[in-house]
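See below for the structure under consideration.
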Amino acid sequence: MLGFQPYETFQLLIETGGIDRTNTLLIAACDAYARRGRATPQETEQFFALAARLFPAAAPSARAKAAAALGRSESLSPELEELIVANIGDDLADFLVGAPSLSEGTMLKIVSAGEVASAAAIARRSDLTNVVLARLFQMNSRKVYRALATNTTIAPRGPYLAALARSAQMDHQVAWSLAAREDFDAALLAPAFFDLNESDRIKVIRAFALRATPAAPIKRTLEQLSVATAELTRALMKLFSENRRPEVTRLLHQITGLDEVRCGQIAHDTSGAALFVVLRAFGCSAYDGLKVLIHATSQDGERSGALGTFSRLFEAVSVDATAYLMSAWRGEVNLLDLGKPEYRPFTETRRSAAAAAAQVPSEQVDRTIAALARIGIRQAG
C-alpha cells in the first residue's frame with residue numbers, strides 16, 4: 001500500500017482512462033510520492049511498478065513534469081533515478097545537482113555516457129565517491145574540471161591535486177576558482193600567475209612566504225647577475241619614472257630569459273606584483289625594491305596599502321623562493337615537489353657553492369651590464 005492511495009486504485013484508473021488521465025495520474029502520483037518523505041522499501045518497490053507503467057504511456061511534457069516532481073523525493077531507488085534521468089528532459093542538470101541523494105551506479109552511468117553538461121552537473125555534488133571522482137577526472141573536460149574546481153567538498157590531495165593544478169595552467173577559470181579556495185595551496189597556481197587578478201597574485205606570492213623551495217634552475221643565473229643589481233634597480237627607476245615600459249620589457253627579456261610577451265606583462269602590470277617577484281629574485285632589499293615599485297605601480301589611493309604589502313613581502317619571501325616562482329613561470333619546475341615531506345631548505349654547503357659560482361664571469365653578465373649601459377643607467381639617479 002502506498003501512503004497516498006491504494007495501489008489497486010491507480011491500476012484501475014490506468015486501465016479505464018485515456019492519455020489525458022494517464023498524464024494527470026502520473027504527475028499526481030509522482031508529486032504525492034515526493035511529498036511523502038521517507039518511504040519504506042516495499043512502498044518504493046510498489047511505486048516503481050506503477051511509475052514504470054505510467055511513464056511510457058504519458059505524453060512527453062507530462063513525463064518531464066512528473067520526473068521533475070519525483071526528483072525532489074528523498075526515497076529514490078536506482079530504478080527510480082533511471083526513470084527520472086530518462087524522462088526529465090531539459091531539467092536533467094538541475095536534478096543531478098540538487099537531488100538529495102544519487103546512487104553511485106546512476107552517477108557512473110551518466111559520466112560513462114560522456115555527455116559533458118550532465119557530467120559537469122554531477123561534478124558539483126557533495127556526495128561524490130572516489131570511483132565517480134576518478135571517472136570525472138578521466139573525462140579531461142574543461143567544463144567538468146571547472147565544476148570540480150568549485151566543489152569544496154573535494155579535498156585537493158593526491159592525484160586530484162595534481163589534476164587540478166595542471167588544469168589551472170591551461171584554464172584561467174579553473175585557476176580563479178582554486179585561488180578563491182582556502183584549502184588549495186596557492187603556490188601551485190604560479191604558472192597561472194598572469195591569469196589571476198591582483199589580490200590572487202599576492203596570494204600566490206604569500207604562499208611562498210617563509211617557505212623552503214627546491215633549487216630553482218634560474219637561481220644560478222640570477223646569482224651571477226647579482227653584481228649588477230644596483231644598476232638594475234636604478235635602470236628600472238629611470239625607465240618607469242619616464243613611462244618607458246617597452247624598454248623595460250626588452251631589458252627584462254635580456255636578463256631573465258622569460259619570453260617577451262611575459263616580460264611585457266611584467267612591465268605593464270601596474271599592480272606591481274609580478275615586478276616584485278623579479279626584484280626580490282634579483283636580491284633587492286625592501287628599501288631598493290620599493291623605490292622601483294613606487295614608479296611602476298598605479299598612482300591611486302590604494303598605492304600606499306599595496307606598497308605596505310610589498311614591504312612586508314620583501315621580509316617574508318626569500319630570494320630563493322621568488323627565484324623558484326620565476327622558474328615556474330618558465331615551466332622549469334614541478335610545483336608538486338613543494339608538497340613532498342622529505343624536502344629540506346638549502347644547505348650552507350650549497351649556498352657557498354652557489355655564491356662561488358656567482359663570482360665567475362659569464363657572457364650573460366657582460367650582456368646585461370652592456371644593456372644597462374645602453375639605456376643610460378650610469379646616469380640614472
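The table that follows gives values for the structure above.
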{"quantity": "Set of lysines with alpha-carbon distance to residue 219 below 24 Å, sequence-local pairs under 8 removed", "calculated": "203, 291, 340"}
{"quantity": "Likely footprinting exposure, 40, 297, fewest C-beta neighbours within 10 Å first", "calculated": "40, 297"}
{"quantity": "Spin-label model distance (nm) - residue 294 vs residue 243, 7 Å beyond Cα toward Cβ", "calculated": "2.0 nm"}
{"quantity": "Phi-based couplings in Hz for segment 90-101 (Karplus 6.51, -1.76, 1.60; Gly and Pro marked x)", "calculated": "5, 8, 4, 4, 4, 5, 5, 7, x, 4, x, 8"}
{"quantity": "Where labels lie 7 Å past Cα in the beta-carbon direction, separation of residue 72 and residue 270 in nm", "calculated": "5.1 nm"}
{"quantity": "Reachable lysines, given that their alpha-carbon falls under 30 Å from the alpha-carbon of residue 65 and they are not under 8 places away in the same chain", "calculated": "109, 143"}
{"quantity": "Label-point separation, residue 129 to residue 215 (7 Å along Cα→Cβ), nm", "calculated": "4.7 nm"}
{"quantity": "Exposure proxy ranking, count of Cβ atoms within 10 Å, fewest first, for 44, 221, 322", "calculated": "44, 221, 322"}
{"quantity": "Whole-angstrom gap from segment 190-244 to segment 20-72, using each part's C-alpha centre", "calculated": "63 Å"}
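Read-outs: derived from the displayed coordinates by stated rules, not from any lab. None of the values given here were measured: they were computed from a predicted structure. Heads up, the Cβs are rebuilt from the backbone with ideal geometry, glycines too, and the neighbour counts pull from every protein chain shown.
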